[in-house]
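Taking it in order: structure first as structure tokens, then the write-up.
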Amino acid sequence: MQEGTSLNKRGFLLGEETLKIVLAVISITFLIYLLVSLYFAHVRDKELELAKASLNHLIEEINANAEEVEIYNPKGWYISSFPMKIIGFSEENKIEGTNLIIPKTCSNIGWESCICIYSWKGVRNPSLAVDNLGACKENEFEIRGSVSISNTQRIENTIKIQNPPLTLTINYENKIIQENES
Amino acid sequence: MKRKNAELTTQQLVMIIILIISFVVILFLIFRLNLGETSNKEICHNSVILKSKGKGLVGDLDCKTNYVCISGGGKCEGINPTETIKVNFENKEEIMKAIADEMADCWWMFGEGELGYIGVFEGGLVRRKTVCAICSIIKFDEKIQEAQKQGISYKEFIDFLANETRNKNERDTYLHYLYEIYEVKDLLDKFKIIKEDYETERLIPFDRKYVIRTGQSTSPKVVEALKGIGRKIISIFSKENKEIKVAIIFPYFFDVERDIEPRCDEFVTKA
């Protein structure tokens, strides 16, 4: 009888220790998750701030009739004008249809056209990407450039900030902004 | 009784007018001082110190590119300046001094090569990269362009940096402050790009847009390359702990469309 009680006690202690370890692991995992989330939220905020500054600079330079503007950051983000054309085409390269999109960030305020700088990760639609993490300003200028999304889809009116500085040429007659190739 | 009241009112009125005029004069003087410009540079300098002293874990850089119009009385086309520096358009020295001052401000803002502002996570432990800062974008007005059609040469500019000081009372030349070198010959021995520009007498025409760039790199290739030509190497943690080496990219003034080594992976300044 005595032996049995002692065994029970040992078993109870084992359970307690396991519970402590499990709780510690859960807490540490949660803390790591919290720290990683905080870090990435901070990085996102920082990049969004850079995007806002770059967009403000672009609009100011357009208003100052500058012919060329250099965009230095954020690297890897996209600059697009909306309404944006999404072109679907067949494998023989024949255009099958076009779709015009505008992000809610612009349409909700009543803007008919806008220029946005945004991070495009994890979502298929660029307008959702703008709503998720982007900065926009009302503007009538059209961005000339295209990016392929897949073998059958391409988006127009978009340039990627790939190897900064990205030099943009502004044509005031046609209201077109495009990458300087030289 | 009524008269007494009226006298008091006149006195008060005069006082109020004097107060308003004084206030307007003080306001005018404050705006003339252009304190906003200084504070942007100071904010940047403070954020660099905070980031450096916080070992890359605390603090964020808050530095804005300064859009400068060097003007002989006219407007700079194709730029929306945040600062206009007035110079005598016929005087090359004044123009070169304006550029040199911007370079010196840039060097001061980013810690004179003594502070590491690449974050431990961003460019230190996790990823190795070259981070650049665009301190200023500079344009010249039409009057300068017309008066100085050829522009100046890098030879003239480097010689100016070697012979002139920031203030009359100062002994330190621009060249020593910026590159820690007194003689042009030593500068040319250490910096390949400057040597090319100096010896070929490359021109700085005033109808172009220019940039003043500085930076730091933790990329081992860049650190090694810069070490070879005598650029300063500091540690991201402290001078004693050489665990992560940071190469300092000294400030230089060049055409915005010119591609100068090392290539920057990232720009930390806000447009």
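Laid out as a table, the results:
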quantity: Residue within the range B:116-124 that is surrounded by fewer than 23 Cβ atoms within 10 Å (Cβ to Cβ), touching a Lys or Arg at 6+ places or on another chain (Cβ under 9 Å) and at pLDDT 90 or above present; calculated: no
quantity: Matching helices (runs of 4 or more DSSP H) fully within the range B:154-221 where at least 2 residues are at negative phi and either in contact with a Gly (Cβ under 8 Å, 6 or more places away or on another chain) or basic (Lys, Arg) (or both); calculated: B:184-190, B:192-199
quantity: Condition check for A:LYS46: facing chain B (nearest Cβ under 10 Å), surrounded by 14 or more Cβ atoms within 10 Å (Cβ to Cβ), at pLDDT below 90 and assigned to a helix (DSSP H, G or I); calculated: yes
quantity: Pick from the range B:243-258, criterion at pLDDT 85 or above and assigned to a loop (DSSP other than H, G, I, E, B), ranking: farthest from the other protein chains (Cβ to nearest Cβ); calculated: B:ARG258
quantity: Where a residue in the range B:89-106 is crowded, with 23+ Cβ neighbours inside 10 Å and modelled with pLDDT under 95 and its partner, wherever it lies, is part of a helix (DSSP H, G or I) and not charged (D, E, K, R), with Cβ under 7 Å and at least six apart; calculated: B:PHE89/B:ILE144; B:PHE89/B:ALA147
quantity: Qualifying residue in the range B:152-160 (condition: away from chain A (no Cβ under 14 Å), in contact with a Leu (Cβ under 6 Å, 6 or more places away or on another chain) and not aliphatic (A, V, I, L, M)); calculated: yes
quantity: Selection count, the range B:77-98, where residues are among the charged types (D, E, K, R), part of a loop (DSSP other than H, G, I, E, B) and away from chain A (no Cβ under 14 Å); calculated: 1
quantity: Pairs with Cβ under 7 Å, 6+ apart, first in the range B:191-209 and within 12 Å of B:TYR252 (Cβ to Cβ) and within 14 Å of chain A (Cβ to nearest Cβ), second of a type in the set (Phe, Trp, Tyr) and buried (at least 17 other Cβ atoms within 10 Å of the Cβ); calculated: none
quantity: Subset tally (residues that are under 20 Å from A:CYS136 (Cβ atoms) and either touching a His at 6+ places or on another chain (Cβ under 9 Å) or at pLDDT 90 or above (or both)) for the range A:64-84; calculated: 14
quantity: Positions within the range A:58-117 being part of a helix (DSSP H, G or I) and within 14 Å of chain B (Cβ to nearest Cβ), in sequence order; calculated: A:LEU58, A:ILE59, A:GLU60, A:GLU61, A:ILE62, A:ASN63
quantity: Flag for B:LYS139 being surrounded by 15 or more Cβ atoms within 10 Å (Cβ to Cβ) and closer than 17 Å to B:VAL87 by Cα; calculated: yes
quantity: Matching residues in the range A:135-157 - criterion: being assigned to a strand (DSSP E or B), more than 12 Å from chain B (Cβ to nearest Cβ) and either within 15 Å of A:SER81 (Cβ to Cβ) or among the charged types (D, E, K, R) (or both); calculated: A:CYS136, A:LYS137, A:GLU138, A:GLU142, A:ILE143, A:ARG144, A:VAL147, A:ARG154, A:ILE155
quantity: Any hit, the range A:66-76, residues being more than 24 Å from the chain's Cα centre (by Cα) and closer than 17 Å to A:SER148 by Cβ; calculated: no
quantity: Lone unmet requirement of (1) of a type in the set (Val, Ile, Thr); (2) surrounded by fewer than 18 Cβ atoms within 10 Å (Cβ to Cβ); (3) within 30 Å of B:ASN66 (Cβ to Cβ); (4) touching a residue at least 40 places away in the same chain (Cβ under 8 Å) for A:ILE87; calculated: (3)
quantity: Residue check for A:LYS160: surrounded by 14 or more Cβ atoms within 10 Å (Cβ to Cβ), touching a residue at least 24 places away in the same chain (Cβ under 8 Å) and either of a type in the set (Lys, Arg) or within 14 Å of another protein chain (Cβ to nearest Cβ) (or both); calculated: yes
quantity: Evaluation of A:LYS52 against (1) among the charged types (D, E, K, R); (2) within 14 Å of chain B (Cβ to nearest Cβ); (3) surrounded by fewer than 16 Cβ atoms within 10 Å (Cβ to Cβ) (one fails), failing number; calculated: (3)
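The values are calculated or read from the model by the stated rules, or taken from the named source; none is laboratory data. This structure is a prediction, so every number in the text was calculated from the model and none was measured. Every residue, glycine among them, receives a Cβ derived from its backbone with ideal geometry; neighbour counts consider all protein chains shown.
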